[in-house]
Every structure is written in structure tokens, then in C-alpha cells.
Amino acid sequence: MGGSDDYRSCCRTAAADDPGAIFCPGCGQALFRCAAADCRRLVAPLGHCTACVSLGLSLEKSAVVKARLGECLRVPFALRNNASVRPLSIRSVLRDGTGLPQEAVPITWEQLDAERTRAFTVATGPFVNSGINSLRLTIVATAAFDKVEETYAFSGDLAIEVEGADPTQVVQNFNLSGADFGTAGMIVANPRASGTDRSRQADALGARADVALERAERFEVERGYRGYDRLAARIPRNVEFVYVGFPAGDKPPDGPWLQGPVLRCGRNSRTHDARPNTEPNDLCLRIYDPPSGELDREASAVISRRVCDFVLQNDRLYVRSAGGSGLELNGERLDAGNARVVNDGDAVTVQGGHGKALSFETGFRVSSGLVTQVRFTKTS
Amino acid sequence: MPSTNLTLSDNQTVAEYVPAEAFKGLLQNRIGISTDHVALLIRDGEIVDAFVGAHFAIGGIWQRLKEVLGGPHAVRLLVADLKPFQVEGDVEGLSNDGVTVAATVAIEFQVNPEAPANILGLMPEHGALTKPDVYARALPHLKERVFRTTLARVAAADIRGNTALQDKIQADVLLEVQRLFGDLGVLIRAVSMTWALNDAERAAMQQSASEREQALLDYRYQCKKREIQRDKEATEFQIRTDVDVETLKLTTEDELKHLILREELSFIDARQAGVREQELKKLDHELALLNVERRAGYQKALEEAQNEVERVEIRRKLRQFELEIEAMTEEQRLRLAKLREDQSLALASEARRQQLASLREMGAIDLDEKERDRRIEREDRLADLDMSLRTGQQAGQAELERLRIQAQMSPDQILAISAGLSPEVARVFAERAKVTSIDVDKREQLLREMVQLSTQGRMASEEQARFFFDKAMQATAAPSVVVRAGSGPAATTECPECHRRPPVTDRFCRYCGHALAGA
């Protein structure tokens, strides 16, 4: 799920050989690619581009990961953006662990440019359990692609060895009888009471140590970074889109969006033409006369050539107004550039001329935490 | 001449006139007034000035001369003490609970340094103003108007230590003295009261003394009682001991031995029980010690084992992760190398193909140019040689030459040239016809169409000829594999779904996912 593991070797080879290939010529599987035009690497339906979003977390060489019971640590980390081109915006870093509540780590910087490393320090509270304690860091990062902005969360665990208050000290009280010692006194035998203190500096790592980062999908959904929290579901790239009620020439074929995570909608036709239609749409929004089914040219002429984009972003479906006017989501007007999350049952309305409008509703089919089908049902 | 410091005659005097004898005499007297005294110079009944800390030269011959010449003056000098002075007196009154209260009041006065001349209002005509005079003048007013009225408002038992009462009395005394002496040059600085024991306090003291005495008597009674009790108990013990001794004297020797044995047995039992108890305690302690040691040892071993297991697991995961990264890196490196190799090969192949094509085009151009030069030269030579020959002979000769050239061409070329096409179009036709191996009828039909287009002027270039040929072939034949000659890109085929041209090796169309026929 986190990379190109969802593909076979033939898919990976074909994708590398032909950047324009949409399906694997060997097995016929659809190939979903990174949204960035300068990347176009394979991306799993629920995954992220491992070339564009690649974080490396490491412990600084001066870090101390040993502590005693009740002690606090300040652990210095280095965060590296391994991507060669794309900068990342670090939105937050959270820390929790054994006996530690989840708290935000104060970070004074935000931008992490490509191939750059920046440092931060994590303070841990007093450890209350001896043995191996876990310190988990969850990093929320945002990457901007050409038309979408994706937010991902990664988490990494660090083992901190916590010793007891004095691990080798055994304190025992011997109540010796007066017959043996002449006086019935209380003597405390404490053979290693002193000389066991050691310097914290001696526990420093001495060299940078990498910390493995994993995608925190559950965290992303629970915190609302990705997917639909209310449905507890996410929309993968290979979700099937079904267009009901649209004329055959106005809609793309049912199925996933293969060209990218964006569906362009507007009055312009779906056919590219060098002169009259340089920006074809994927879904043509026109108003037809209900009784005859013929195109209402006057009413359709009011609709913008490009009305909006439906975008798959952060495992959610968004509608983003592309300009013009007359786009409404559930009766609320969307101005140019504004984007809203599209939920199950939402109504999208595009106002035309003569008081006529084109409306369609969205419907989700959810299965096992995934939205498997999105239906655009035309209502008027 | 030394000056004499003028002071008051005694301590009780507040102000007094300097005796008149001081102004008489032959010699001049120099008198000094210290800074804590004021001297009022009165000449002819009029106050001339008041001096604080000054010297006077009085009497003497010069004064005499002045008196002789100018007439005598009545000069008097009043000296007053500016230091505060305190006077005391007794006052009595009744408290609000009817108890006689006595007190000693101490009032501190001072001659007003700002208006010392007003002290004359208190001075007797001759003599001095004393402190008791001041007090005697003020006391009757204070007794009635201040002390008695104030004391009547409080209870006798509440007077002592009552600072509020002190403050009130002081304020009232200040007001009263201000009323009395405000224009007489006397200030009041402080008032304090020392209360004598009144009856209520005296009764309280007697009561407390009686209580202490009673407590002492009670204590003595208790001591006496305990002493009597001890004497009684000692007596009883003595009597009981005496009885026991007498009983012991009456017992037999056997009874005594039995008694001793019984005491010894109980003693031995007690001792052994003590030893056993000590041993049991020791054993319990050793067991507890061993238990603690073993538990600590097991706990430590368990923690170390857990740590080691987790470390091994973490190292294993890290190693696995590193191996995966290495494998991915190696795979990426191999893929990049393959891509680079393929790219370089493709570039080299394309460059070579283009080079060969260029060479061929250059050779063809050279041949055409040479052929044209030769023909022009031959025609010029023939024209020069046969200028004089007949026109019919020239035409015959030309026809003969054309037939000779056509004899070297293929039948299709001949047919094309006969139809009016250019030699390039004819070459293309022949080449494509040979590759596609179509039959003669279709070739002829195509040729006719080409001739027709050529005559209409719609086809003149090689590209148009190729396009026309491909269109014609697609119309007449089923979708077929097109193999491009040379070392260009791989062979492609047309997808029946999207009509794009994926490589023939594709099992699925890479543009629409349609399963291709060869899959």
C-alpha cells in the first residue's frame, strides 16, 4: 500500500520504459502515476509517490536513548527530505509512547526543501516504567503537486532503555539479634550504594542512527488528514466512477480516472481541437431539453467552458471551482478557486441560462473502509 | 570682657525677669542667652525684640552718658525657657461601674517659640513663672472637663492598658489646653496617665491570689493523699511479706525442693522457648533474605532477556529493511543502466539510419545532376552536329533515345511514366507494391487512381504518395501488422479499440487496456 508493491514486475518495467503507458502491456493492469508531471512514477491506489514524498528520520549522534526511572530526556532528531525535487511542508510532529501522552513537539520551522535536513528536539516526560520504553514520533507532511496537495502522516518508533532507579542495587534490611552482635541494632547492608553514577555523555550514540518511518494510515483517517472520518473510509485512485444520466458523448467511460486524479468539467466538449477547443473537458456539462433530448444551446451557452474540477486528494473527493460562476454545492455557491469536500449524497448544481440548471448528485458505495464506487447521477 | 550666660534661677522656673541690678554699675555687663532660652527686651513698657541665642551689653559708662544726655529708660529683660517641661498631678474620678479611679497625669508643656512674648499673659507682676503655676492654672479645667467625664464612660476593670482611652484623654487635654493657653504662649506636647489600682482591680488581684492559694492547698492535699496511700501499700506489703516468711518457715524441706524444681523447670522451659523463638526468627529471616535475593535475580535476568529479545528483533527488522533498500537500489540501478543502454543504442541506430538516408539522398542528387549534365551535353552536341539535319530525323533520334531508357525500367515504372507521374512517385509505387505483394489487378487499379489524382494536380510529392498508398491499403485489406524497414522503433500494431499503435509485443493495449489479438 505504501508504494509500487501493488504492481507486478511487468507493470513496473512497462511504466519505466514508457511514461505514456496507462495500462500494463503484459497483464493489462491499470497504471496509476504520480500527480506531478515531472515525476509520473507508479503510485499505488492508496499509496504515495515514494520519489516525491520520502522522509528520513534519524537520531543525532549526540542523542541519548538510555534513561533511568523518573528521568527526562531531550532527544535530538534530524529530518531529511530525500526527494530530489519536491519540497515538503512539515505541518506538525507529535510524540507519544509508553506512559507518555500524545503531545505536539514545538518546531520553529515548516519548510523542508528537497535533499535538505533540518533538526528538532523532542522532550520526553519522566519515564515511569523500567525496561524498553517506546517513543513514537508521528510526522504530518504536506506535498504540493501540480493540481493537488496531499497530506501524509508517517510514524517511527524509537526504543528507549529505561533502567530502574538503581538497577544493580539491592537494599536489604537485616534485623540481627542481640545475641549475635551484642546490640540489637538495625544495620542496612547496601553493597553498591555508591560509585554507580555514570555520565549521561557516555550514553550518547556517537553516530547518527536512522529511525524507520512507516505510513500512519489509521492516524491519517482518525485525525481527518485523509479519507472520510464519518464514513471511516477512503477513496483510492482506482475507485470506479459511474456517470448516470449523462449523454454518451458528454461523459468519460465508467471506471477509474486513468489520466490523473483530476476530472475536468465544463461546457467544452471532450474532443481536443487545435483551434476551437484547446482545453477539452472530461465531463461535458450541457443543458438538454428534457422532452426532446436536444441540446439547449442558449441555456448551455451561459455555462463556463471550464466550470470545475473534481479532484481526488487526500483520499477524498473535492470539487474545486475553476472560475466563471454558477457552481453550487448543496445550494452553497462556490467562488473561483474555492474547493469543498464532496460527501455521499451531495448535490452539485451548475446554473445555465433562462433559469435552467444542470444538477447531479454524488453517491458512494463503501466496502471494508474503501469507497469502491462513486456515482454521478444527473438529476436535471 | 567675658560674657555671663544668663539662666533661670531654678529648675521649677519657666520664665523670670532679670533683676534690675544687672543694668546698674559702672562697668558694662555682657550677657549671653543660650539657644534654648528666649530673652524679651522691654524698654519703657514696650517689647522691643525677642532674642534667641544672643549677646547683650548692659550698663556701663556709656549707658550712663546716654541716660544723662537722653534721659533714663525703663529697661526690663524677661528670660524664658524654651525647653519642654513636664508637670504631674493626681486626679480622681468614678468609673461607670461606680468604682473610684485614681491616676497620675503627666503633661508636657513648652513655651511657644513662635510667640514667646505671649508668655507675659501668665507672668505675675513681679517675680517668676514656675511650672506648678502653669499646672495649677490648667488642672481644675482638666479635672472636670476631661478626666472625670472620660472616666465615667469606661468600666474600672477596662481602664488599664486601654490605649484608646489614653488617646482620647490626650486629644481632649490638647483641646482644653489649646482653649486655655492658646493665646498665652504655652503649647502642650504630650499627656500620659498612670492609673492607680482601683477597687475592681484590687478585688481581681485578691481573687487571683486566693485562687493560687487554693490551688496550692489542693496540690498539697493531693501530695499528702498519695503519701498516705504509699504508706498504706508499703505497710500492707510488709505485712504480706511477713506472713509469707512465716508460711515459708512452716513448709517442709520436700515442699521446698518441689518448689525449687518447679521454678527451675519453668525457667528452663522459658529459656528454651526463647532460644527456639530466636532460631525460628533467624530461619524466617534467612528464608525472607533468600526470597528477596532470588526474586531480584530473577527479575534482573528477566529484564535482560526481554531487552535482548527486543534488541534482536529490532536489529532483525533493521537488517531486513536495509536488505530491501539494497535490493531496490540495485534494481533501480540495473533498470537505469538498461534504460541508458537502450537509449544510447536507439540514438546510435537513429543516427546511423539518418546518416545512411542522407548519404543515399546525396548520392541520388549527385546521380541526377550528372545524368542531367550528360543529357544536356549530349543534346547540345547532337544539336551542334545535326543542326543541319532534318526535323524528322531529330524526332526519330529522340524517340529512339527514349525507348532506350525505358528499356532499362520495370514495367510499372514504364506504366507510371507513361501515365505522366514523376519518377519518385513511380519508385514509391513500385516499392510498396513489392512489399505488400498485392496482385496485379489491385496494383493496376491503384495506379489508375494515382494517375487520375496526378492529372488533377492533387498529388505531387513523395509523402502524399505514401499517405495515399497507406489509405488505399487500409481500405482494401484487414488490419495488418506494419513492419517498418530499417533499424527504427519496434514494430507496432493498431489497437481495434482506441486505434492507437502499441508495439506488436503488447498483449494488452497500453493506452486503453484492450486485449490485443496476439495476446
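Based on the alpha-carbon gyration tensor of chain A and its eigenvalue square roots a ≥ b ≥ c, which shape applies: rounded if a/c is under 1.5, prolate if not and a/b is larger than b/c, or oblate? Cα axes put chain A in the prolate bin. Within a straight-line Cα-Cα reach of under 14 Å, B:LYS281 can be paired with the following aspartates and glutamates, leaving aside sequence neighbours fewer than 8 residues apart in one chain: A:ASP180. Between A:ARG230 and B:SER344, the C-beta separation translates, for a Förster distance of 41 Å, into a calculated FRET efficiency of about 0.15. Couplings 3J(HN,Hα) for region B:206-211, derived from phi with the Karplus relation 6.51 cos²θ - 1.76 cosθ + 1.60 (θ = phi - 60°), are 5, 5, 5, 5, 5, 5 Hz, where x marks Gly and Pro. Surface listing: A:CYS10, A:CYS34 arranged by accessible area from highest to lowest gives A:CYS10, A:CYS34, probe 1.4 Å.
Taking Lys and Arg as +1 and Asp and Glu as -1, the other residues whose beta-carbon sits under 9 Å from that of A:PRO45 total 0.
Once the chain from B:THR241 to B:TYR221 is taken as fully extended at 0.36 nm per residue, the excess over their C-alpha distance is 4.2 nm.
Close amide H contacts of A:ALA233 (hydrogens built in the peptide plane, cut-off under 5 Å, sequence separation of 5 or more or a different chain): A:TYR228.
Is the shape of region B:197-262 best called rounded, prolate or oblate, per the rule: a/c under 1.5 gives rounded, else a/b larger than b/c gives prolate, else oblate, with a ≥ b ≥ c the square roots of the Cα gyration tensor eigenvalues? Prolate shape, in that a/c is at least 1.5 and a/b is the bigger ratio. Per the Kirkwood formula applied to alpha carbons, region A:210-306 shows a radius of gyration over Rh ratio, Rg over Rh, of 1.16. With a simple spin-label model that places each label point 7 Å from the Cα along the Cα-to-Cβ direction, the separation between A:ASP17 and A:SER380 comes to 5.3 nm. One chain, two ends: B:ASP231 and B:VAL52. Fully extended at 0.36 nm per residue, the span grows by 55.8 nm beyond their Cα-Cα distance.
Compactness check for region A:240-378: Cα Rg over 2.2 N^0.38 Å is 1.01.
Taking a ≥ b ≥ c as the square roots of the eigenvalues of the Cα gyration tensor of region A:1-50, is the shape rounded (a/c under 1.5), prolate (a/b larger than b/c) or oblate? Cα axes put region A:1-50 in the oblate bin.
Loop-located GluC sites (Glu not before Pro) across region A:294-380 with a Cβ neighbour count of 16 or fewer within 10 Å are A:GLU294, with loop assigned by DSSP. For region B:296-304, putting each phi into the Karplus relation 6.51 cos²θ - 1.76 cosθ + 1.60 with θ = phi - 60° gives couplings of 5, x, 4, 4, 5, 4, 5, 4, 5 Hz, in residue order, rounded to whole numbers and with x for Gly and Pro.
Amide hydrogen proximity for B:VAL154: with H placed 1.01 Å from N in the peptide plane, the residues at 5 or more positions away or on another chain lying under 5 Å are B:ASN96. On association of chains B and A, roughly 1900 Å² of accessible area becomes buried (total for both chains; probe 1.4 Å). Accessible area of B:LEU516 (1.4 Å probe, protein heavy atoms only, ligands and nucleic acids ignored): about 20 Å². Computed over region A:275-347, the P(r) tail beyond 21 angstrom holds 35 percent of alpha carbon pairs. Summing charges over all other residues whose Cβ lies under 13 Å from the Cβ of B:GLU293, with Lys and Arg as +1 and Asp and Glu as -1, gives +2.
Translational diffusion of region B:263-328, estimated by Stokes-Einstein from the Kirkwood radius over alpha carbon pairs at 20 °C in a medium of 1.002 mPa s, is 127 µm² per second.
Taking amide H as placed 1.01 Å from N in the peptide plane, B:LEU516 has its amide H under 5 Å from the amide H of B:PHE508, B:CYS509, each at least 5 places away in sequence or on another chain.
Between region A:36-111 and region B:135-211, the alpha-carbon centres lie 87 Å apart. Phi angles across region A:121-138 convert, under the Karplus curve 6.51 cos²θ - 1.76 cosθ + 1.60 with θ = phi - 60°, into 3J(HN,Hα) values of 10, 10, 9, 9, x, x, 7, 10, 10, 7, x, 8, 9, 9, 10, 10, 10, 10 Hz, Gly and Pro given as x.
The values are calculated or read from the model by the stated rules, or taken from the named source; none is laboratory data. On a predicted model such as this, the values are computed, not experimentally measured, just so you know. Don't worry about glycine lacking a Cβ; one is built from the backbone with ideal geometry, like all the others, and counts go over all protein chains shown. Ligands, DNA and RNA are excluded from the accessible area calculation, which covers all protein heavy atoms including side chains. Shrake-Rupley method; radii C 1.70, N 1.55, O 1.52, S 1.80 Å.
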